[in-house]
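Enquirer: Please read through the structure below; I'll follow up with questions.
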Amino acid sequence: MNTFRSIHKTGFRLLKMIHAEDSIVIPMYLLNLVLSLGQIYIGLFLTAGLVDALLAGQYRQAAGAALMLLLANLFFGLASRLIQRRLQCLQRKIWLVFYVWLRRKAFSMDYETMERPEVAEKLLFSERTSDMQGGLGTLLYHYYEILKAIVNLLLSVSLVAHLCLRKPGAGFGVLGALASPVPSALLLAGMMAGTVFGAYRAFRRFAEERRALFESHTGVEDRVMYLTQQVLGNFKAGKMIRIYGMQDMILENLSVFLKKSWGHFSDACDVERKQGNANRLVDSVFIVGAYLLAALKVVTGAVTVGAFTQYVGALHQFGGACFTLIAVHGDLQKICTYMEEFLAFLDTENLHVKGSIPVEKRTDGEYEIAFEHVSFRYPGTEKLVLKDVDCRIRVRGKLAVVGRNGAGKTTFIKLLCRLYEPASGRITLNGVDIRKYDEEEYRSLFGVVFQDFKLFAFPVWENVTAGRARNETRIWEVLEQAEAGSMVRGMPGGLDAYLYKDMGDGVEISGGEAQKLALARALYRDAPVVILDEPTAALDPKAEAEVYARFDEMVKGRTSVYISHRMASCRFCDDIIVFEDGKIVERGSHEALSAAGGSYAKMWSAQAKYYDAATDSPPEAPACARS
Ligand code: ADP
């Protein structure tokens with residue numbers, strides 16, 4: 001269990017962050033506090049004055065007090081409503097800001113750090129618990145409630161202390177003795193201590209049940225969200241669900257988890273009800289005692305009937321504030337515990353130090369990249385995926401990286417793009433270790449289409465420009481180069497057409513069409529190195545042949561790297577690297593490798609027949625296949 005100190009250390013750090021994000025929200029809560037307590041206590045004083053004036057037959061004063069009461073209520077009511085409406089928006093904003101902080105931090109970290117299971121888990125945990133528990137907005141509200149309860153307690157106690165100090169008139173015997181300051185103060189202090197103790201016991205009694213319920217429920221809401229949003233709410237999954245008739249299975253699955261969720265909800269309501277009953281019991285005992293004490297003071301002439309209403313009101317405030325303080329503090333403790341994970345995520349250090357030297361801007365594109373004895377394993381794994389890779393990438397050449405699935409081709413590119421760092425060896429750009437360069441500048445050298453590229457439910461132009469300025473001439477140019485021009489012209493809205501139906505009325509496109517748009521995005525970057533990882537995997541052989549025929553034009557003047565297990569791509573390249581089990585086993589031109597009769601020649605022979613049949617122009621047979 002976290003200590004009081006650590007809870008509030010977390011809480012105050014978050015409050016400071018909230019204040020730095022929006023300097024209005026905390027002052028607005030403070031203003032709201034003044035208004036809401038002002039309304040209660042000014043109301044108590046005015047009501048007391050009104051009752052006393054009425055009982056004394058002073059009707060003018062009574063009318064004045066009634067008018068003041070009305071005006072005060074109007075003023076406080078209207079002002080609070082205005083502030084509360086604004087606070088609702090601010091609270092939502094703060095709730096959402098949490099996700100922005102989370103994602104901003106995730107993107108500020110290197111890809112490799114983010115892939116570590118313990119870091120990814122912190123992010124997911126923070127996100128999930130914020131979804132379920134209300135996050136930063138709730139934290140802020142709880143602090144407001146706690147502060148309000150503390151001020152309320154102070155005000156009510158000082159008012160009620162004043163009641164104790166009032167001396168009874170003479171001649172009331174035992175009642176008078178009981179109503180005199182010391183016994184009545186002791187009586188009141190005993191009642192207050194009893195209430196605090198009772199409220200705390202009631203909270204502790206049910207806190208354990210609440211915690212057990214929360215823990216037993218972990219994962220159920222995630223499952224419901226996954227089924228409703230990712231499976232049932234996924235337009236693309238609809239095809240497969242219908243074809244395989246999976247709907248009954250999925251709906252049954254959903255109903256099992258919904259039942260669990262409802263069960264949990266009803267159990268949680270039960271605990272709340274029991275907690276409420278326990279609170280009411282303790283509160284009722286206190287209120288009865290408080291009424292008796294105040295009545296005793298009236299009967300013995302210590303206070304007026306009007307003051308009685310004022311004191312009873314203050315005593316009510318005391319009880320309510322006690323329960324709020326204890327319950328809200330318990331909830332805050334829970335929120336701060338999971339927020340500690342969030343702060344730990346924000347404090348996560350990058351695995352690697354980020355370099356800062358700028359990349360030389362060369363109009364001649366004279367960049368030389370070298371892998372020097374590079375070995376690599378993925379975070380959390382033992383197996384070396386790249387083993388002593390040593391090669392240079394020729395400037396403005398066309399390089400093909402080939403090999404069977406799992407040979408390490410994509411990993412080679414990920415290291416080249418600095419998504420990961422070598423376990424040993426180094427990668428250099430113009431002789432300088434790439435780790436020393438400013439990361440963003442270095443990455444701007446590459447236009448990449450990964451095998452698992454992603455387009456978003458954004459307009460076509462945003463998918464192509466990927467955050468760069470909209471230059472329509474250039475967009476159309478790259479769309480034409482990627483053979484996607486006529487497709488986009490045919491879309492309603494053209495460049496402004498939304499992709500996919502995730503956001504409603506978007507255009508659904510095929511895998512091949514998506515790949516063309518991803519290619520256009522890589523070309524729009526106008527980077528000196530273009531990397532295409534299985535660039536034609538989703539294209540039919542004819543379209544593949546067309547795209548390859550245009551590659552020369554597309555990558556003119558740049559260095560291009562094609563990664564493929566489809567050998568047809570190699571015909572268009574002047575240099576070929578062959579990967580096998582994480583190692584470079586062969587390198588050379590198509591002719592040289594074919595003649596060598598090694599892995600490359602075998603792969604070529606195995607695939608050549610498919611391409612001969614699929615494309616009308618048969619590929620040049622490799623030397624070994626001819627012989
Ligand atoms: P290729 O591109 O040649 O098909 P990859 O470079 O994608 O091969 O994968 C090489 C090896 O690395 C494979 O055994 C693959 O399972 C493993 N691998 C790829 N990505 C990861 C990852 N993120 N974590 C752990 N292992 C991975």
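The values are calculated or read from the model by the stated rules, or taken from the named source; none is laboratory data. Here the structure is a predicted model, which means the values were calculated and not measured. Glycine gets a Cβ as well: all are built from the backbone with ideal geometry, and neighbour counts include every protein chain shown. Note: accessible area is taken over every heavy atom of the protein model, side chains too, but ligands, DNA and RNA are not part of it. Shrake-Rupley method; radii C 1.70, N 1.55, O 1.52, S 1.80 Å.
Enquirer: Helix 247-299 against the longest principal axis of the chain: what's the angle in degrees, Cα atoms only, rounded to the nearest 10?
Expert: That works out to roughly 20 degrees.
Enquirer: Just from its helices, what would the mean residue ellipticity at 222 nm be for the chain, if runs of 4 or more DSSP H residues each count -39500 (n - 2.57) and the sum is divided by every residue, rounded to the nearest 500 deg cm²/dmol? Walk me through the numbers on the way to the answer.
Expert: Values: 22 runs with 393 residues, N = 627.
Computed ellipticity for the chain at 222 nm equals -21000 deg cm²/dmol.
Enquirer: Next up: Relative to the present Cα-Cα distance, how much length would full extension add between residue 258 and residue 292 at 0.36 nm per residue of separation?
Expert: The span from residue 258 to residue 292 would gain 7.2 nm if fully extended.
Enquirer: Enter the angle in degrees (range 0 to 90, nearest 10) between the Cα long axis of helix 4-21 and the first principal axis of the Cα atoms of the chain, meaning the one along which they spread out most.
Expert: Orientation of helix 4-21: about 70 degrees from the principal axis.
Enquirer: Could you give each residue of region 54-69 its phi-based ³J(HN,Hα) in whole Hz, using Karplus coefficients 6.51, -1.76, 1.60 with θ = phi - 60°, and x for Gly or Pro?
Expert: Each residue's phi maps through the Karplus curve to give 5, 5, 8, x, 8, 6, 5, 4, 5, 5, x, 5, 5, 5, 4, 4 Hz.
Enquirer: Can you tell which of 355, 154, 339 lies farthest toward the positive end of the dipole of the chain, using +1 and -1 charges on the Cβ of basic and acidic side chains (Lys, Arg; Asp, Glu)?
Expert: 154
Enquirer: Let me ask something additional. Scan the chain and report its longest stretch carrying no GluC sites (Glu not before Pro) that are both in a DSSP loop and have at most 14 other Cβ atoms within 10 Å. Write out the running numbers ahead of the final one.
Expert: Numbers: sites that count: 349, 360, 366, 368, 382, 508, 620.
Between the exposed loop sites, the longest stretch runs 1-348.
Enquirer: Relative to the longest principal axis of the C-alpha atoms of the chain, give the angle of the C-alpha long axis of helix 511-524, reported between 0 and 90° and rounded to the nearest 10°.
Expert: 90
Enquirer: Can you pull the semi-axes for region 81-187, root of five times each eigenvalue of the Cα gyration tensor, sorted largest first, whole Å?
Expert: Details: eigenvalues 618, 56, 15 Å².
Its equivalent ellipsoid spans semi-axes of 56, 17, 9 Å.
Enquirer: For labels at residue 469 and residue 60 in the simple 7 Å Cα→Cβ model, what's the distance in nm?
Expert: 7.8
Enquirer: Residue 297: which lysines have alpha carbons under 26 Å from its alpha carbon, excluding same-chain residues fewer than 8 sequence positions away?
Expert: Reachable lysines: 167.
Enquirer: Just the accessible area for residue 17, please: 1.4 Å probe, Å², rounded to the nearest 10?
Expert: 40
Enquirer: Residue 40 accessible area, nearest 10 Å², 1.4 Å probe?
Expert: Counting only protein heavy atoms, residue 40 exposes about 50 Å² to solvent.
Enquirer: Taking the dipole about the Cα centre of region 178-302, with the C-beta of Lys and Arg at +1 and of Asp and Glu at -1, give me whichever of 284, 228, 216 is farthest to the positive side.
Expert: The residue sitting farthest along the positive end of the dipole is 228.
Enquirer: Can you tell me how the chain classifies by the Cα gyration tensor, rounded, prolate or oblate, using a/c under 1.5 as the rounded cut? Write down the numbers at each step before the final one.
Expert: On the way: a/c = 3.12, a/b = 3.00, b/c = 1.04.
Prolate.
Enquirer: What aspartates and glutamates sit close enough to residue 239 to cross-link, taking a C-alpha to C-alpha distance under 16 Å and skipping anything fewer than 8 places away on the same chain?
Expert: Of all the aspartates and glutamates, those that pass the test against residue 239 - Cα under 16 Å, at least 8 places apart if same chain - are 248, 502, 508.
Enquirer: I want to check the label-to-label distance for residue 277 and residue 174. Put each point 7 Å from Cα in the C-beta direction and report it in nm to one decimal.
Expert: Each label point is offset 7 Å from its Cα along the Cβ direction, giving 3.6 nm.
Enquirer: While we're here: Tell me which aspartates and glutamates have Cα within less than 12 Å of residue 383's Cα, excluding those fewer than 8 residues away on the same chain?
Expert: By straight Cα distance, residue 383 reaches 581.
Enquirer: Just for the chain, what percent of DSSP beta bridges are antiparallel, to the closest 5?
Expert: Antiparallel bridges: around 45 percent, rounded to the nearest 5.
Enquirer: Residue 82 to residue 237: extension gain in nm, 0.36 nm per residue of separation minus the Cα-Cα distance?
Expert: 51.2 nm
Enquirer: Okay, moving on. Give me the accessible area of residue 270, 1.4 Å probe, in Å² rounded to the nearest 10.
Expert: Surface accessible to solvent at residue 270 totals approximately 70 Å².
Enquirer: Within the chain, what's the longest stretch lacking chymotrypsin sites (Phe, Trp or Tyr not before Pro) that sit in DSSP loops with no more than 14 other Cβ atoms inside 10 Å?
Expert: 1-234
Enquirer: Going by a ≥ b ≥ c, the root eigenvalues of the Cα gyration tensor, does region 450-526 fall in the rounded group (a/c under 1.5), the prolate group (a/b larger than b/c) or the oblate group?
Expert: Rounded, because the longest to shortest axis ratio a/c is under 1.5.
Enquirer: Enumerate the amide H contacts of residue 389 below 5 Å, restricted to partners 5 or more residues apart or on another chain; note that Pro and chain-start residues carry no placed amide H.
Expert: Result for residue 389 returns 374, 375.
Enquirer: Let's test the formula: R0 of 35 Å, r as the Cβ-Cβ distance of residue 392 and residue 229. What FRET efficiency results, to the nearest 0.05?
Expert: Plugging the Cβ-Cβ distance into 1/(1 + (r/R0)^6) gives 0.15.
Enquirer: Under the definition of Cα pairs under 8 Å and six or more residues apart, what whole-number percent is the relative contact order of the chain?
Expert: 14
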